[in-house]
Amino acid sequence: MTWLLLLLAAVSALVSLLNFGRTPDWVWAWKTTIATGEYGHWLVLWPLGLAGLAALAATGPARFATLAFCAVSLVALLRPAVSAWWLGRGLGEDAFSFGRLYAGAEPPAASVRTEIFARTGGQELSLDFYRPDATKDAHQIPRPCIVVIHGGGWDGGDRTQLAGWNARWVARGYAVAAVSYRLAPQSIWPAQGDDVRAAIAWLKANAVRLGIDPTRLVLLGRSAGGQLATAVGYGARDPAIRGVIALYAPHDMPFAFSVSREDDSLNSVKLMKQYFGGPPDTPVRLARYESASGQLLATKDSPPTLLIHGVPDTLAWYRHSERLAVRLAELGVPHTHFQLPWATHGFDFNPNGPGGQLADFAINRFLAETTR
């Protein structure tokens, strides 16, 4: 019993330490880090239980070693929550709440309908449209619309990704359009950008029927979707796009290819080659990479931007957002660059977790400022 407790405590400490430092390049480590980072406040029950058993049943040096490992686990698992509390102190009273970690309310179910917005290459492209309850709006005021672009490495994912966030924004009075786009390798860039632009055009053309304001659109993308959000948002030169939100995304695609590796957890070299039809080693393909790079397309008139990225992220290096923030600062574009010191790729899987709460606060404030 004593040695079993020691083994379990050692494994717990090792896993919980994923909340410190850069996440290893293994898929299991990435997914485990989401769990330890955004659900660590629940997982502390495990080392607490082990510590209690060790105090009652273990003996000798193994007892003290078990308790030490449990202490390490507790510190590491609570690190994201404590860090979020510390960061939230400088943002506002409602930026972070310990109570929400354990009793965060889910938003009410939103009304959703699926619409076909384009037919191209023999394929129908659809979007899921979420609209606030019109019965609560006596004057039927057209709503700002958030255009959500899913992630998935450009060859996967779909518009139902993290749909709970869409319902959350709808509950606050925004309309949401979660859009589909053609996937690689069957379709290469600029097909994906064309699809997002087609969705925006369709939303504008149907604005009255949908009850949205066609002059108040915000693009929001995660990972690969964040790349699409900045590339389309900056390249469109459209004043109707009031803001761009990108979470853990690359924005300079030649640079992204230069730091990609075949032996990382996603084989990012393969992802980019199939997205652009090959490496950027010919003038034609280099032009594709550059035309997909929000950082290279940005001008002084680009829309305000919110960038959110976790420093330990190994699927998309935090330097991608950092470099874009520097470029936007040089151009004088209003922007916020929000770095989370513990968060990994996809940290917003739990909207009520430490990273989820801070992202929720930052996005909500950004939407209020850019769509009013």
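Which is the longest part of the chain that has none of the GluC sites (Glu not before Pro) sitting in a DSSP loop with at most 11 other Cβ atoms within 10 Å? Could the numbers behind the result be given before it?
Numbers: sites that count: 93, 262.
Longest run free of exposed loop sites: 94-261.
Taking the Cα atoms only, what angle lies between the long axis of helix 60-89 and the longest principal axis of the chain, rounded to 10 degrees?
The angle comes out near 30 degrees.
Please give the helix 354-371 orientation as an angle from the longest Cα principal axis of the chain, in degrees from 0 to 90, rounded to the nearest 10.
The answer is roughly 20 degrees.
Computed FRET efficiency, Cβ-Cβ of residue 86 and residue 301, R0 51 Å: what is it to the nearest 0.05?
Efficiency at R0 = 51 Å is approximately 0.90.
Compute, for the stretch 306-372, the length of the dipole vector about the Cα centre, with Cβ point charges of +1 (Lys, Arg) and -1 (Asp, Glu) only. Units Debye, rounded to 20.
On the way: 5 positive and 6 negative charges, 27 e Å.
In total the dipole reaches around 120 debye.
Report the paramagnetic label zone for residue 261: residues of the stretch 323-352 whose backbone N is under 20 Å from a point 7 Å from Cα along the Cα-to-Cβ axis.
343-346
By per-residue mean of other Cβ atoms within 10 Å, what is the highest-first order of 181-193, 334-346?
334-346, 181-193
Can you work out the PRE-style zone for residue 111? Point 7 Å along Cα to Cβ, and I want the residues of the stretch 211-240 with backbone N under 15 Å.
Output list for this probe position: 211-212.
Each residue of the stretch 226-232 in turn: what ³J(HN,Hα) in whole Hz from Karplus with 6.51, -1.76, 1.60 and θ = phi - 60°, glycine and Pro shown as x?
Listing the rounded values in order: x, 4, 5, 4, 6, 5, 6 Hz.
Work out the length of the dipole vector of the chain about its Cα centre, built from +1 on the beta-carbon of each Lys and Arg and -1 on the beta-carbon of each Asp and Glu, and round it to the nearest 20 debye.
360 debye
In what sequence do 7, 219, 297 fall when counting other Cβ within 10 Å, fewest first? The partial results should precede the final answer.
Values: 7 13, 219 29, 297 19.
Least crowded to most crowded, the residues run 7, 297, 219.
Taking a temperature of 25 °C and a viscosity of 0.890 mPa s, what whole-number D in µm²/s does Stokes-Einstein yield for the chain with Rh from Kirkwood over alpha carbon pairs?
So the translational diffusion coefficient is about 113 µm²/s.
Using Cα atoms only, what is the angle between the long axis of helix 45-57 and the major principal axis of the chain, expressed in degrees (0 to 90) to the nearest 10?
Value to nearest ten degrees: 10.
What is the spin-label model distance, in nm, from residue 365 to residue 329 if the labels are put 7 Å beyond Cα along the C-beta direction?
With each label placed 7 Å out from Cα toward Cβ, I get 1.8 nm.
Can you tell me how much longer the chain between residue 191 and residue 68 gets when fully stretched, taken as 0.36 nm per residue apart minus their C-alpha distance, in nm with one decimal? Before the final figure, lay out each step's value.
Working: separation 123, 0.36 × 123 = 44.28 nm, distance 5.46 nm.
Difference between extended and current length: 38.8 nm.
Provide the gained length on full extension for the span residue 269 to residue 103, in nm with one decimal, where the gain is 0.36 nm per separating residue minus the Cα-Cα distance.
So the extension gain works out to 55.6 nm.
Fewest first, what order do 39, 248 take by the number of other Cβ atoms within 10 Å?
Neighbour counts put them in this order, fewest first: 39, 248.
Test of understanding: extend the Cα→C-beta vector of residue 57 to 7 Å, then name every residue of the stretch 1-43 with backbone N under 20 Å from that spot.
Under cut-off, by backbone N: 1-13.
Just 210, 358, 228 to compare: in a GNM of the chain, with alpha carbon springs under 10 Å, which one fluctuates most?
210
For a quick check of your reading of the filter: which trypsin sites (Lys or Arg not before Pro) in the stretch 247-300 sit in a DSSP loop and have no more than 14 other Cβ atoms within 10 Å?
In loop regions of the stretch 247-300 (DSSP not H, G, I, E or B), the sparsely surrounded trypsin sites (Lys or Arg not before Pro) are 261, 300.
Over the chain, what relative contact order in percent results from Cα pairs under 8 Å that are six or more residues apart? Write down the numbers at each step before the final one.
On the way: 728 pairs, mean separation 66.0, N = 372.
Once divided by the residue count of the chain, the mean separation gives 18 percent.
Coordinate-derived values only; no laboratory data. What you see is a predicted model; the values in this text were computed from it and never measured. Note that we place each Cβ from the backbone using ideal geometry, even for glycine, and neighbour counts take in every protein chain shown.
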